[in-house]
Every structure is written in structure tokens, then in C-alpha cells.
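Enquirer: Provided herewith is a single structure, encoded as C-alpha cells, for subsequent inquiry.
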Amino acid sequence: MPQPLIFNEIKYVPPLEVAFHRGLWSFIFLFIILLFFTKIKDFLKIFNSKKNIIILSITASLITINWTGFIFAVSINKVQDASMGYFITPMISILLGYYFLNEKINLLKFISVLLMLISIIFLFFNMKSYPYIALLIGTTWAIYGLLRKQINVSPAVGLFYECFVISLISFPYLFYIYFKGLGFFLNYNSYTTIFLILTGAVTIFPLFFFNLGIKHISLGYAGVLFYLAPTFHFVTSVFILNEELQLVKLISFLIIWIGIIIFIIDVIIKEENYLE
């Protein structure tokens, strides 16, 4: 079941509470996975580096904000905005790479970024509203990627540490609201409890197996696969959750999709040149 459908089933639960459950159960599921697929000692190595601890603690905060933003978007029927946020993430990453890592921007990348900026400006002036959810999700995820590039830690082990940090905060909070009767876990109904647990499963398993499989495919295909999730989110929002697709948003999405196609072409060209 796609993530928006899971979160839509419990949209009555406060987004922060859902995000904390997502972090806690992701930590538990990832711990079980790492026991079978990798070594826990790789996780312990993180504590040998202050740089790793600082950066991964910051990325844990970013991922919490990102998750909360996505869950909030589902709760107010704005999955399309969340989808847009993930679509524009690579374009924001290009800008961050240019300013902070001195990465060059070629013509195709420049056009991709320009189209993303045009789509956001088009939305801003035609809807008279700031696309804050899309920018929040896109920016936090892009900064997350920028920081993760600064350390040599595997995606699974890094995510395990991030979920560990989130759990240090989420568990006491969830424990408190449970005994105060304010939380939904075990206090509302079994249906809600099961879906709160599933938030961890739908987070960890797709991400873990994506990282596992990406080692066996080309960079170009990986670039295409990145856009599968937000594409499913968009399709789900329109055809299952029945969100209204306004003409202004459709035009904005079309501009972004053109930018994405150009971005993927650039990635594939680079890969082919590298192989030659």
C-alpha cells in the first residue's frame, strides 16, 4: 500500500505523533533487518567520529521535519504538494551542490533548475499562495542529501542512527501521551494502532531494498527510479484520494516534468560518457 494511503487512514492522528511513531517503528524494523543483512558493529563505528554524530543528528532532525510535512500534507488533502516537493528535490540539490560543493552546472542542469523556479513562481502568482509544503519537503530532503554526502556511512546504517536519535525523543513523548490518555496508540482502537506500526514498515522496507538493489543497476535507471515514489503519490492523490487537480497545478507539474526529463537525460549522457 502506497504511503499516502497509509497516512490517509490515520489522518485524524496529529502529524507530529504519527511522525514520532514513524521514527520509532522504523528504528525497530531497521534493527531487525540489520541483524540479518549487515553487522550492528557498523552502527557502533559511528560513535568513533564526532563529525558523523553531529551530521547524522542534524539529518535526523531534517528527516523528522520532512516526514511531519508529508504527513501534514496528507492530513489536509495536499498530497499533490508533497509530491511536487519530492519532484523538485534534485533541482534544489543541484543549487546546493553549486553553492556549497563547487559543483558545476552544465546547460541541461541549468535548464532543469530554471524550469523548477518558473513552476514555483507560476504557482505563487496564479494561486496567490506560497507553496510552502512543496518547498519544505523539497528543501529539507535536499539539505539532508547534501549533509549525508559529507560522511562515509552506508544509507541503512545512517538511517538506523537517525531513527535511533528520533526514538530518543519520540519514545518518552509517546510514552507520556499514552499514559495521559492523549495518544492514539493502544488508546483509540486496534485499527489505528496497527496503522501506526505500519508507518515504520512502509518507510523502511522500500528504502532499504531500494538501496540494496541500486548497487546492481545503472545510475541512469536509479535517477528514473527516484521519481517513481512521487509519481505514485501524485497518481494516488488524483485517482484514489480524489484531490482536485487545478489547471494551475497541472501546468506547474508539466513544467516540472519537462525539467525532470531534461535532468534524467543529463544523467544518462554523463553515465554513457563515463562508460566510454
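The values are calculated or read from the model by the stated rules, or taken from the named source; none is laboratory data. Just so it is clear, the model here is predicted, and its values are computed rather than measured. Because the Cβ atoms are built from the backbone with ideal geometry, glycine has one as well, and the counts that use them run over all protein chains shown. To get the accessible areas, we keep the full protein, side chains included, count just its heavy atoms, and leave off ligands, DNA and RNA. Shrake-Rupley method; radii C 1.70, N 1.55, O 1.52, S 1.80 Å.
Enquirer: Given the conditions (1) touching a His at 6+ places or on another chain (Cβ under 9 Å); (2) over 20 Å from Ile71 (Cα atoms); (3) not aromatic (Phe, Trp, Tyr), and given that Lys180 satisfies all but one, which numbered condition is not satisfied?
Expert: Only one criterion is unmet by Lys180, namely (1).
Enquirer: When you go through Ile33, Ile53 one by one, which is the residue that is open to solvent by less than 30 Å² (accessible area, probe 1.4 Å), assigned to a helix (DSSP H, G or I) and either under 30 Å from Val157 (Cβ atoms) or free of Cβ contacts under 8 Å to residues at least 12 places away in the same chain (or both)?
Expert: Values: Ile53 fails: open to solvent by less than 30 Å² (accessible area, probe 1.4 Å).
One residue alone meets the criteria, Ile33.
Enquirer: Looking at (1) in a loop (DSSP other than H, G, I, E, B); (2) at pLDDT 90 or above; (3) aliphatic (A, V, I, L, M), can you tell me which one Leu245 breaks?
Expert: Checking Leu245 against (1) in a loop (DSSP other than H, G, I, E, B); (2) at pLDDT 90 or above; (3) aliphatic (A, V, I, L, M), the one that fails is (2).
Quick grid of which residues meet (1) open to solvent by 60 Å² or more (accessible area, probe 1.4 Å); (2) in contact with a Leu (Cβ under 7 Å, 6 or more places away or on another chain):
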| residue | (1), (2) |
| --- | --- |
| Ala60 | no, no |
| Ser75 | no, no |
| Val79 | no, yes |
| Pro90 | no, no |
| Ile118 | yes, no |
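Enquirer: Can we say Tyr130 is under 30 Å from Phe239 (Cβ atoms), assigned to a helix (DSSP H, G or I), modelled with pLDDT under 90 and hydroxyl-bearing (Ser, Thr, Tyr)?
Expert: no
Enquirer: With respect to Tyr144, determine if the residue is in contact with a Leu (Cβ under 6 Å, 6 or more places away or on another chain) and among the hydroxyl-bearing types (Ser, Thr, Tyr).
Expert: Yes, satisfied.
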